[in-house]
Amino acid sequence: MAIPEREEILVGDAAELVEGKFKIIKQGTLNIGVTRLRDGTIRAVRNRCPHKGAAICKGIIGGTWPPSAPGDLAYDREGEILVCPWHGFEYDLKTGDELYRKVPTRLRFYEVIERERKIYLLVARGAADTQDSDASAA
Amino acid sequence: MSVTSELERGTGSPDVATGIVDCDVHPLLKQGFASLYPYMPLAWRERFERKRAGQAAAGLIMRFAHPNGFIVREDASPRDGEFAGSDPHFLVSDLLDANDIGICALNSLQTGAMCAVLASADESLIIASAANDYYIEEWLPIDRRLRYAIVVPSQDPNASASEIRRVGKHSQICAVAVPPIAIALGNRYWWPIYEAAQELDLPIFLHVTGAEGIYAGAPMPAGGLPDTYIERYVTLSQAAEANLTSLIMNGIFERFPRLRVLFVEYGFVWPLPAMLRMDRLWRGLRHEVPWVKKSPIEYVAEHVWFTTQPIEEPADPRDLERIVKMIGVDNLCFSTDYPHWDNDMPMQSLRMLAPADRDKIMRQNARNVLRLS
Ligand code: FES
């Protein structure tokens with residue numbers, strides 16, 4: 001199978017990427033937030049909410065209060081959940097799925113590579129030049 | 001056999017097992033408040049007689065009086081000078097026999113209003129028990145098709161639970177009518193009632209008592225005091241919307257997983273915006289109420305039913321069909337509201353629906369809600 005041609009976009013030094021914050025990379029039509037998850041994984045997310053297109057990488061990275069018995073409050077998954085700054089939908093930064101939804105919408109992730117302590121995004125060649133028309137990455 | 005032909009034939013002896021189920025019929029005490037005296041301890045009877053309680057039990061303030069004078073149908077009077085709904089024998093022939101109704105749920109608003117706010121909390125306990133005994137003894141033996149929603153003194157949830165356990169096992173008791181007061185239905189105040197109702201497999205009936213917007217302690221209409229009967233009538237579903245939201249957001253159906261709630265006589269168009277709005281907001285705000293474990297729309301589908309009367313009548317009847325589908329064909333239950341003026345009678349109701357859907361609403365769904373033994 002032919003591997004699609006891809007290009008690398010420099011994000012920056014690996015050490016720059018910290019938990020709880022996105023570094024935003026804009027190039028052409030691409031707008032991508034890159035962050036480090038608690039377990040060290042580097043996560044690159046399209047900076048556009050699948051719901052109504054908010055710049056989701058400006059939202060809160062935190063935990064979630066998972067379903068619990070009436071009156072009980074639990075807290076879980078600190079640093080792994082992204083909350084949209086517009087309508088507050090919660091997204092799982094591990095899987096990209098909207099939380100607790102039977103048919104979830106999804107974040108779009110991009111591949112990253114690390115080479116000599118630098119992080120690069122891997123995108124299809126020419127991706128930054130193409131008009132990005134779809135309203136949802138779901 | 002098609003629903004229509006069966007309906008139009010008018011069998012004269014509708015079957016309890018297959019006839020139409022009418023989820024909202026309003027009986028009246030034959031002699032008014034005095035009908036309850038034989039069912040009260042002497043001391044209470046003397047107290048009520050001395051204070052002329054029968055006169056205090058009257059209804060609406062002037063602005064909310066029906067512009068035609070009565071809310072009951074004059075053509076449903078058993079005999080001249082008798083109030084519609086006060087004679088069970090007449091009701092059986094006029095409503096059940098004539099309309100192929102196999103089961104009707106009797107829902108006493110008259111005592112509901114007394115229990116909610118007209119009487120004191122102590123008095124309401126006596127009134128609720130007396131009214132329940134009155135209907136159980138004077139109405140239910142007359143016909144198996146007559147079923148009764150016991151009224152509870154909602155000013156005292158623990159006493160309400162005791163009353164449910166006292167009379168709730170009777171085989172013709174089908175529900176628990178909880179007269180609304182100004183405490184939202186998701187509040188923990190109500191837990192003892194839900195616990196008892198669930199224990200006895202009885203659904204909760206919610207229905208206006210007529211005290212809304214009139215007496216302190218009753219639910220108030222949102223936005224301010226209406227001026228007229230029509231204005232008040234239109235806005236009565238506000239309280240239903242608030243209570244549906246309260247039940248779901250407080251996790252009542254997680255806490256009482258077998259609880260069933262029937263919203264009676266609020267109509268069935270109003271839940272739609274509430275359901276859509278709850279679902280949409282739940283996606284972003286659910287962490288405030290994490291005990292709401294799934295979309296509010298799913299809780300409605302599993303735990304909540306709505307009676308059809310008073311049916312809205314859009315110019316294009318297909319619009320109503322669409323709304324029925326959006327609310328859930330399985331969650332609507334037919335009701336007449338006999339003998340009130342704004343009744344919906346079976347022959348005319350919901351004719352735009354496919355026969356199978358109409359059959360669910362007229363006959364089947366209520367059998368999943370009411371306790372029918
Ligand atoms: S745009 Fe993100 S939740 Fe609506």
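A few comments on the model shown:
- Every residue from the stretch A:58-85 that is of a type outside the set (A, V, I, L, M) and either within 7 Å of chain B (Cβ to nearest Cβ) or under 28 Å from B:ARG188 (Cα atoms) (or both): A:THR64, A:TRP65, A:PRO66, A:PRO67, A:SER68, A:PRO70, A:GLY71, A:ASP72, A:TYR75, A:ASP76
- Residue within the stretch B:331-347 that is among the acidic types (Asp, Glu) and over 20 Å from B:ILE230 (Cα atoms) present: no
- Answer residue from the stretch A:11-59, given it is part of a loop (DSSP other than H, G, I, E, B) and within 16 Å of A:VAL112 (Cα to Cα) and is farthest from the ligand (Cβ to nearest atom) among those: A:GLY40
- Matching residues, the stretch A:98-121, being among the aromatic types (Phe, Trp, Tyr) and either within 16 Å of the ligand (Cβ to nearest atom) or open to solvent by 50 Å² or more (accessible area, probe 1.4 Å) (or both): A:TYR100, A:PHE109
- When B:ILE252 is tested against the conditions (1) within 14 Å of another protein chain (Cβ to nearest Cβ); (2) open to solvent by 10 Å² or more (accessible area, probe 1.4 Å), the lone failure is (2).
- Restricted to helices (runs of 4 or more DSSP H) entirely inside the stretch B:271-345, those with at least 1 residues that are without any contact (Cβ under 8 Å) to a residue 40 or more places away in the chain, charged (D, E, K, R) and more than 12 Å from chain A (Cβ to nearest Cβ) are B:271-285, B:317-327.
- Residues within the stretch B:346-371 that are outside any loop (DSSP other than H, G, I, E, B) and open to solvent by 20 Å² or more (accessible area, probe 1.4 Å), tallied: 10
- Positions within the stretch B:152-190 being part of a helix (DSSP H, G or I), of a type outside the set (Ser, Thr, Tyr) and under 15 Å from A:PRO70 (Cβ atoms), in sequence order: B:ARG188, B:TRP190
- Elements of the type strands (runs of 3 or more DSSP E) sitting completely within the stretch A:86-133 and holding at least 2 residues that are away from chain B (no Cβ under 14 Å): these cover A:109-115, A:118-124.
- Residue list for the stretch A:86-97, filter: open to solvent by 40 Å² or more (accessible area, probe 1.4 Å) and closer than 26 Å to A:TYR120 by Cα: A:LYS94, A:THR95, A:ASP97
- Scanning the stretch A:71-85 for residues that are within 16 Å of the ligand (Cβ to nearest atom) and buried (at least 17 other Cβ atoms within 10 Å of the Cβ) gives A:ILE81, A:LEU82, A:VAL83, A:CYS84.
- Just one of the listed residues (A:THR64, A:THR130, A:THR95) is more than 14 Å from the ligand (Cβ to nearest atom), of a type in the set (Ser, Thr, Tyr) and closer than 18 Å to A:PHE22 by Cα, and it is A:THR95.
- Check on A:THR41, away from chain B (no Cβ under 14 Å), in contact with a Ser or Thr (Cβ under 7 Å, 6 or more places away or on another chain) and surrounded by fewer than 21 Cβ atoms within 10 Å (Cβ to Cβ): no
- Filter result for the condition that a residue is modelled with pLDDT of 95 or more, under 20 Å from the mean Cα position of the chain (by Cα) and of a type outside the set (A, V, I, L, M, F, W, C), over B:ASN158, B:ASN132: B:ASN132
- Filtered residues of the stretch B:205-249 (kept if more than 14 Å from chain A (Cβ to nearest Cβ), among the polar types (S, T, N, Q) and out of contact with any Phe, Trp or Tyr (no Cβ under 9 Å at 6 or more places or on another chain)): B:THR209, B:THR235, B:THR245
The values are calculated or read from the model by the stated rules, or taken from the named source; none is laboratory data. Please read all numbers here as calculations on a predicted model, not as lab measurements. Cβ: placed from backbone, ideal geometry, glycine included. Neighbour counts: every protein chain shown. Note: areas computed on protein heavy atoms with side chains; ligands, DNA, RNA excluded. Shrake-Rupley method; radii C 1.70, N 1.55, O 1.52, S 1.80 Å.
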